[in-house]
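In what follows, a single structure is set out as structure tokens and then discussed.
The values are calculated or read from the model by the stated rules, or taken from the named source; none is laboratory data. Quick caveat, the model's predicted, so the values are computed rather than measured. A quick note on method: Cβ atoms are made from the backbone with ideal geometry, for glycine too, and the neighbour counts reach across all protein chains shown. When the accessible area is computed, the model is the full protein with side chains, heavy atoms only, and any ligands, DNA or RNA have been set aside. Shrake-Rupley method; radii C 1.70, N 1.55, O 1.52, S 1.80 Å.
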Amino acid sequence: MSEKLLEGTKKILEYFKKRGLKGDVYGTHDRNISYSVMKGEISDSSEYEDIGFGVRVIKDGRIGFGYCVPGNEEEGVSRALELSKLSPRVDINLPTKRDLEAVKTYDESIKKASNEAAELTQQVIDGAGSVAEDITPSRGQLNIMFGTKVVGNTEGVFFSEDASMIEGYIAASLPLGDTSVIASEFAHSRKPDIDFYEVGVKGGSKVDSMRDKTSIPTDVPVVLNPSSLSMLLWFGLIRAFNGENVRKGKSFYRDRLGEKVAHDSFNLADDPTQDWGIGSSSFDDEGVVSFPLPFISDGVLKNFMYDLKEASKSETESTGNGVRSSFKTPPGISDRNVIVKGDEISDLCYDRVIKVDGVMGAHTANFASGDFSVVATPAWLVEDGEKRGRLDGCMISGNIPDLLESIEMGDDYKKLHLSLGSTSLNMELPSARIGKVTISGK
Amino acid sequence: MRLQQILEKLIEQGATYCDIRKEVWNRTSMTLKDGDLEAMVQGDERGAMVRVLYDRGWGCVGTGDLQKLEEASERALLMAKKGAKYKKEKTGLADVDTHTESVKIPMKKNFMDVHPEEKLDLLKELHSFFDEETANSTDLRYNDSLVKKEIITSDGSHVKMEIPRLLIYLIITGKSDTIQKASEGVGSTGGYELTERAFDKAEVVQERLKNLLKAKTPPSGKMSLIMDPHLAGVFAHEAFGHAAEGDLVSSGNSCLYGKLGEKVASEIVTIKDDPTIDSYGSFPFDDEGTKARKRVLVKKGILNDFILDRENAWKLDMQPNGGARAEDFRVKPLVRMSNTIIEPGEMDFDELVEQVDKGVYAKSSSGGQVSTVQGTFQFNAQEAYLIENGEIVTPLRDVSFNGFTLETLQNVIGITDEMQIGIGHCGKGQTAPVGDGGGHVLISEVTVGGRE
Ligand SMILES: [Zn+2]
């Protein structure tokens with residue numbers, strides 16, 4: 001627990017009190033250690049430590065934001081107060097004091113792992129290099145993060161929580177004539193329980209299976225691995241659950257609560273209370289106590305998500321989806337720890353399919369319609385469970401809400417954490433088999 | 001302890017090289033959604049990063065607590081020593097001229113002196129510019145940042161600089177049979193005077209949305225493509241520029257590895273990356289204290305240079321050219337682009353269009369992705385038109401392209417004699433402000449993928 005963080009937060013709450021203000025503080029103290037891999041070796045190591053406070057002042061129903069670092073807390077409050085004068089009136093109700101149910105987010109052994117980060121990085125390299133002589137672990141990264149976040153407000157909320165995470169990524173390349181092919185593998189966990197050598201082996205094996213090329217079939221189903229599926233869901237579906245998009249008519253799920261929108265066995269929920277979930281936390285960044293929020297249960301649309309501000313505008317309550325990407329940014333609506341489940345079919349490649357391990361261009365999915373068009377790479381043709389060759393330039397297009405109607409889900413659950421610009425995506429999900437897509441390419 | 005003393009101590013303890021980059025940031029940002037202030041934030045922060053090279057190992061430690069800088073330097077040395085044990089390959093830093101200099105990028109009107117209310121009023125004025133029939137939803141953003149940096153290196157450079165940056169981003173959505181979105185950014189290094197350009201952009205973005213709302217889905221298959229200057233710049237950045245980043249080249253992660261001096265594009269193609277022009281991706285010194293200079297990456301079709309920091313220049317036996325950039329004091333500098341430009345050619349726009357029997361005219365980017373190893377790209381245009389028999393006919397939407405970078409660059413058959421630069425943010429684990437531009441570019445054949 002960070003003394004400076006607690007002290008600073010208390011100081012800011014006292015300034016609020018002294019000036020008769022309402023408001024909240026979001027403070028973080030983080031340490032981040034990372035090792036980079038280039039060309040089969042550790043190229044460098046870096047780390048940082050950082051404390052800061054995001055201050056939200058509410059005066060006469062007007063909201064102002066500021067941020068500050070230890071030592072200039074008072075300035076942070078003054079700045080936020082000054083800006084609040086420019087804000088329109090919004091009635092937001094800060095959460096009141098409640099009991100927290102602890103969620104497991106921190107493992108003390110992360111500190112030991114941080115001292116062994118070089119060894120762990122070397123294990124990934126060794127794993128990838130062990131697959132074949134001509135395979136190079138060409139790029140990679142190992143990150144270890146731990147820290148504390150605090151949310152306090154003038155209604156008596158004062159929550160703090162420690163969190164830890166470790167992640168490893170490796171891209172392995174294989175020269176083929178005058179060009180190269182590349183494939184990658186990664187793993188994320190709240191605890192240092194990852195077998196990094198195995199992560200390397202998986203990355204190396206993937207690229208090892210890309211030696212032969214075959215032509216692209218256009219009339220077969222597609223099996224997306226967890227990370228490819230997560231990208232499509234993130235850019236083409238999850239925004240449709242955002243309460244603001246719903247209110248403004250930008251969600252294709254508007255007015256469809258209670259309706260069947262997906263295959264009977266399809267379940268998608270935001271559950272920040274899951275122990276050791278990468279995005280789990282017992283409270284959100286506005287001090288709202290976490291609870292599981294199903295979006296789609298057994299194919300039926302159940303809920304949308306709200307932060308405090310949107311809840312006020314939509315005349316509902318916060319679902320605990322107020323998320324700040326750092327102390328410098330105000331809260332916005334975001335999913336936190338998404339869990340996708342289906343009928344857990346153990347082998348999705350049961351006949352002739354295109355198996356996809358990565359997609360390029362998912363961010364260009366049309367947010368309003370769910371239409372997408374991506375290049376699948378790496379991708380293979382798989383027949384009777386065997387990879388028959390890699391596919392180059394394989395383009396897949398379709399519509400996310402449409403393909404949910406017949407989606408089949410696997411049982412190879414994987415935890416993911418991806419940073420996308422200023423937001424991050426945390427999901428646990430298996431592979432999926434989809435039809436109803438257009439496949440093109442040579 | 002003074003910065004200089006910290007460096008001296010590290011060298012005494014056996015460091016091969018070390019530097020400190022101290023930064024003080026001041027930022028204002030605000031978002032106006034549908035005419036209402038969504039959020040306005042102001043804040044400042046300060047911090048520093050110490051980098052140490054010990055034998056062949058690097059250790060970099062960033063801290064937001066300047067009182068702890070000496071502790072950070074000790075930790076960086078320790079990490080570098082540990083890193084050295086794991087590394088077989090030697091490393092070094094190519095020589096650069098040292099500088100003791102203080103540079104300020106000027107602001108004609110200092111945005112720090114402009115009251116937040118005036119900034120808010122500007123966004124409100126922009127909001128009222130948009131016609132509600134077309135743009136039924138607007139998301140307008142204002143950001144300014146002033147960073148004061150001090151970089152001091154163990155081999156004698158000591159530079160101080162002030163870089164002000166301003167960005168206004170306009171996103172509007174409208175509805176017809178589908179919902180369409182158009183966006184455009186305006187900004188550069190400089191002061192509040194840059195806001196004057198915002199109204200021109202507002203007009204551009206509104207016109208774009210109008211066209212998107214009546215647009216049809218594109219054809220797919222191989223065809224000709226004309227890219228507008230911004231999209232051409234994004235293509236040069238995404239498809240080519242990333243592959244020209246020295247760290248990717250020296251580590252075998254680029255399809256350009258070993259191709260210096262070879263023909264990689266049609267002879268009418270010259271691609272520059274230039275941090276010294278007046279644009280969003282500009283800086284006077286890079287984050288290793290190397291003076292920024294223009295890099296001619298492709299000269300008349302021949303691969304001529306890479307973007308290089310000192311270490312990768314050493315590895316490739318080339319000259320460093322100011323290619324090291326870090327997002328802020330928390331992170332180490334990486335090899336990054338600045339303003340990437342396709343040099344103007346000799347044609348005019350009508351001449352380009354006349355050459356196209358069947359093709360697409362695409363404007364402005366809505367993102368792209370590349371594989372620098374495989375030399376492939378995929379990217380999307382915000383706005384597009386069908387070209388038939390040398391004439392622009394119908395507006396199109398959801399147009400995306402993909403192909404092999406080097407093959408596509410060989411297919412460039414015309415560039416117009418004009419120069420426009422758009423702005424962007426490049427992601428490579430860290431975000432960097434960049435510029436992308438040039439002239440209009442005609443490519444004889446590329447794969448267009450529509451969503452039919
Ligand atoms: Zn980029």
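Between segment B:185-262 and segment B:143-158, what is the C-alpha centre distance in whole Å?
29
Determine which residues of segment B:398-431 fall in the zone a paramagnetic label at A:THR218 would reach in this model, i.e. backbone nitrogen under 20 Å from the point 7 Å along Cα→Cβ.
In segment B:398-431, the label zone of A:THR218 (backbone N under 20 Å from the point 7 Å along Cα→Cβ) covers B:399-404.
What ³J(HN,Hα) values, in whole Hz, does the Karplus curve 6.51 cos²θ - 1.76 cosθ + 1.60 give for segment A:96-103 when θ = phi - 60°, with x put for Gly and Pro?
Calculated HN-Hα couplings, in order: 9, 4, 9, 7, 9, 9, 5, 10 Hz.
Kindly write out, for segment B:345-361 in residue order, the coupling ³J(HN,Hα) from the Karplus curve 6.51 cos²θ - 1.76 cosθ + 1.60 (θ = phi - 60°), rounded to whole Hz, with x marking Gly and Pro.
Result, rounded to whole Hz: x, 10, 8, 10, 4, 4, 4, 5, 5, 4, 7, 9, 7, 9, x, 10, 9.
With a ≥ b ≥ c taken as the square roots of the eigenvalues of the C-alpha gyration tensor of segment B:173-276, please select rounded if a/c is under 1.5 and otherwise prolate if a/b is larger than b/c or oblate if it is not? It would help to have the intermediate numbers written out before the result.
Details: a/c = 2.66, a/b = 1.49, b/c = 1.79.
Verdict is oblate for segment B:173-276.
From the square roots a ≥ b ≥ c of the eigenvalues of the alpha-carbon gyration tensor of the protein assembly as shown, which class results: rounded (a/c under 1.5), prolate (a/b over b/c), or oblate? It would help to have the intermediate numbers written out before the result.
Values: a/c = 1.17, a/b = 1.06, b/c = 1.10.
Cα axes put the protein assembly as shown in the rounded bin.
Out of B:GLY424, B:VAL393, B:LEU409, whose Cα points farthest toward the positive end of the dipole of segment B:384-452 (charges: +1 Lys, Arg; -1 Asp, Glu; placed on Cβ)?
Selected residue: B:GLY424.
Write down the Kirkwood hydrodynamic radius of chain B, to one decimal in angstroms, obtained as one divided by the mean of 1/r over all alpha carbon pairs.
Values: mean 1/r = 0.0430 Å⁻¹.
Result for chain B, one decimal place: 23.2 Å.
Once phi is turned into θ = phi - 60°, what whole-Hz ³J(HN,Hα) does the Karplus curve with 6.51, -1.76 and 1.60 give for every residue of segment A:300-317, x standing for Gly and Pro?
After applying 6.51 cos²θ - 1.76 cosθ + 1.60, I find 9, 6, 10, 8, 10, 10, 9, 9, 4, 5, 5, 4, 5, 5, 8, 6, 9, 10 Hz.
When only Cα pairs under 8 Å and 6 or more residues apart are kept, what is the percent relative contact order across chain A? Can you show the working numbers first?
Values: 1210 pairs, mean separation 66.7, N = 442.
This gives 15 percent for chain A.
Compute the orientation-averaged projected area for segment B:357-452 from the convex hull of its Cα atoms and round it to one decimal in nm².
Details: hull surface 28.5 nm².
Projected over every direction and averaged, the Cα hull of segment B:357-452 covers 7.1 nm².
What is the distance in Å between the Cα centres of segment A:30-75 and segment A:347-376?
For segment A:30-75 versus segment A:347-376, the Cα centre distance is 34 Å.
For the pair B:LYS160/A:ALA132, report the inter-label distance in nm, with labels modelled 7 Å from Cα in the Cβ direction.
5.7
If one takes the longest principal axis of the Cα atoms in chain B, at what angle in degrees, from 0 to 90 and to the nearest 10, does the Cα axis of helix B:198-213 lie?
With both axes taken from Cα atoms, the answer is about 50 degrees.
Using the crude model of +1 on Lys and Arg Cβ and -1 on Asp and Glu Cβ, and no other charge, please compute the dipole size for segment B:3-213 relative to its Cα centre, in debye to 20.
Details: 32 positive and 38 negative charges, 247 e Å.
The calculation lands at about 1180 debye.
How large is the accessible surface of A:GLU14 in square angstrom, using a 1.4 angstrom probe and rounding to the nearest 10?
About 110 Å², ignoring ligands and nucleic acids.
Which far-off residues, 5 or more places away or on another chain, put their amide H under 5 Å from the one on B:TYR54, with H placed in the peptide plane?
B:THR16, B:GLY59
Using 0.36 nm per residue, how much length does the chain from B:ASP177 to B:LYS68 gain when fully extended, once their Cα-Cα distance is taken away?
Result: 33.4 nm gained on full extension.
What average number of partner chain Cβ atoms lie no more than 10 Å from the Cβ of the residues making up A:367-376? Write out the running numbers ahead of the final one.
Working: counts 3, 6, 6, 0, 4, 2, 11, 5, 10, 0.
Partner Cβ neighbours, averaged per residue: 5.
Take the alpha carbon atoms of segment B:56-107, find their center, do the same for segment B:328-364, and report the distance between the two centers in whole angstrom.
A separation of 35 Å, based on Cα centres.
Under a point-charge model restricted to the Cβ atoms of Lys and Arg (+1) and Asp and Glu (-1), what is the dipole moment magnitude of chain B relative to its Cα centre, in debye to the nearest 20? Before the final figure, lay out the partial values.
Numbers: 56 positive and 73 negative charges, 397 e Å.
Here chain B has a charge dipole of around 1900 debye.
Place a point 7 Å from Cα of B:ILE11 in the direction of its Cβ. Which residues in segment B:40-83 have their backbone N less than 14 Å from it?
Hits in segment B:40-83 for B:ILE11 at 14 Å: B:53.
For segment B:221-449, what is the relative contact order in percent, using Cα pairs closer than 8 Å and at least 6 residues apart in sequence?
On the way: 648 pairs, mean separation 69.4, N = 229.
With pairs under 8 Å counted, the relative contact order is 30 percent.
When only DSSP loop residues count, what GluC sites (Glu not before Pro) in segment A:146-232 have their Cβ near at most 13 other Cβ atoms within 10 Å?
Values: sites: A:GLU155, A:GLU161, A:GLU167, A:GLU185, A:GLU198; in loops: A:GLU155.
In loop regions of segment A:146-232 (DSSP not H, G, I, E or B), there are no sparsely surrounded GluC sites (Glu not before Pro).
Can you tell me what share of the DSSP beta bridges in the protein assembly as shown is antiparallel? A percent to the nearest 5 is fine.
Working: 230 of 262 bridges.
Counting DSSP beta bridges with both partners in the protein assembly as shown, the antiparallel share is about 90 percent.
Kirkwood hydrodynamic radius, computed over distinct alpha-carbon pairs, for segment B:3-213: how many Å, to one decimal?
20.2
List the trypsin sites (Lys or Arg not before Pro) within segment A:1-72 that fall in a DSSP loop (any state other than H, G, I, E or B) and whose Cβ has at most 14 other Cβ atoms within 10 Å.
Details: sites: A:LYS4, A:LYS10, A:LYS11, A:LYS17, A:LYS18, A:ARG19, A:LYS22, A:ARG31, A:LYS39, A:ARG56, A:LYS59, A:ARG62; in loops: A:ARG19, A:LYS39.
Sites meeting the loop and neighbour criteria: A:ARG19.
How many percent of the alpha carbon pairs in chain A exceed a separation of 29 Å?
Numbers: 50222 of 97461 pairs.
Tail of P(r) above 29 Å: 52 percent of Cα pairs.
At 222 nm, what helix-only mean residue ellipticity would the protein assembly as shown give, in deg cm²/dmol to the nearest 500, using -39500 (n - 2.57) for each DSSP H run of four or more?
Numbers: 18 runs with 176 residues, N = 894.
Calculated mean residue ellipticity at 222 nm is -5500 deg cm²/dmol.
Out of A:SER209, B:GLN382, B:GLY62, whose Cα points farthest toward the positive end of the dipole of the protein assembly as shown (charges: +1 Lys, Arg; -1 Asp, Glu; placed on Cβ)?
B:GLY62
Relative contact order of segment A:222-440, please, whole-number percent, based on alpha carbon pairs below 8 angstrom and at least 6 residues apart.
It comes to 26 percent, rounded to a whole number.
Got a sec? Charge dipole of chain A, +1 on Cβ for Lys and Arg, -1 for Asp and Glu; which of A:PHE283, A:ASN93, A:MET145 is way out at the positive end?
Value computed over the given set: A:ASN93.
Which order do B:MET419, A:MET427, B:MET347 take when ranked by solvent-accessible area (1.4 Å probe, heavy atoms of all protein chains), largest first? List each step's numbers first, then the result.
Values: B:MET419 90, A:MET427 5, B:MET347 45 Å².
Greatest to least solvent exposure: B:MET419, B:MET347, A:MET427.
Between B:GLU133 and B:ASP317, what length comes free when the chain is fully extended (0.36 nm per residue of separation minus the Cα-Cα distance, one decimal in nm)? Walk me through the numbers on the way to the answer.
Working: separation 184, 0.36 × 184 = 66.24 nm, distance 5.89 nm.
Taking 0.36 nm per residue and subtracting the Cα distance, the gain is 60.3 nm.
Please work out the FRET efficiency for the pair A:LYS191 and A:SER424, using the Cβ-Cβ distance as r and a Förster radius of 22 Å; give the result to the nearest 0.05.
Working: r = 19 Å, r/R0 = 0.85.
Calculated transfer efficiency: 0.70.
Once the Cα atoms of helix B:116-129 and of chain B are each reduced to a long axis, what angle between those two axes, in degrees from 0 to 90 to the nearest 10, is obtained?
Long axis of B:116-129 versus the principal axis of chain B: about 20 degrees.
Dipole magnitude of the protein assembly as shown about its Cα centre, charges +1 at Lys/Arg Cβ and -1 at Asp/Glu Cβ only, in debye to the nearest 20?
Values: 108 positive and 142 negative charges, 256 e Å.
About 1220 debye.
Once the piece of chain linking A:SER297 and A:ARG211 is laid out straight, how much longer is it, given 0.36 nm per residue of separation minus the C-alpha distance between them? Show your work: numbers first, answer last.
Numbers: separation 86, 0.36 × 86 = 30.96 nm, distance 4.16 nm.
Once the chain is fully extended between A:SER297 and A:ARG211, it gains 26.8 nm.
Counting other Cβ atoms within 10 Å of each Cβ, which GluC sites (Glu not before Pro) in segment A:226-319 have at most 13 and sit in a DSSP loop?
On the way: sites: A:GLU244, A:GLU259, A:GLU286, A:GLU310, A:GLU315, A:GLU317; in loops: A:GLU259, A:GLU286, A:GLU315, A:GLU317.
Counting only loop positions with at most 13 other Cβ atoms within 10 Å, the GluC sites (Glu not before Pro) in segment A:226-319 are A:GLU259, A:GLU315, A:GLU317.
Under 1.5 on a/c is rounded, so check that first for segment A:3-208, then, if it is not, pick prolate when a/b is larger than b/c and oblate when it is not; a ≥ b ≥ c are the square roots of the alpha carbon gyration tensor eigenvalues.
Values: a/c = 3.19, a/b = 2.61, b/c = 1.22.
Judged from the Cα gyration tensor, segment A:3-208 comes out prolate (a/c at least 1.5, a/b above b/c).
Here is the link list: A:LYS309/B:LYS119; A:LYS104/B:LYS22; B:LYS119/B:LYS299; B:LYS22/B:LYS294; A:LYS415/B:LYS119. Which ones come out longer than 32 Å on Cα distance? Show your work: numbers first, answer last.
On the way: A:LYS309/B:LYS119 23 Å; A:LYS104/B:LYS22 37 Å; B:LYS119/B:LYS299 42 Å; B:LYS22/B:LYS294 25 Å; A:LYS415/B:LYS119 42 Å.
Among A:LYS309/B:LYS119; A:LYS104/B:LYS22; B:LYS119/B:LYS299; B:LYS22/B:LYS294; A:LYS415/B:LYS119, the Cα-Cα distance tops 32 Å for A:LYS104/B:LYS22; B:LYS119/B:LYS299; A:LYS415/B:LYS119.
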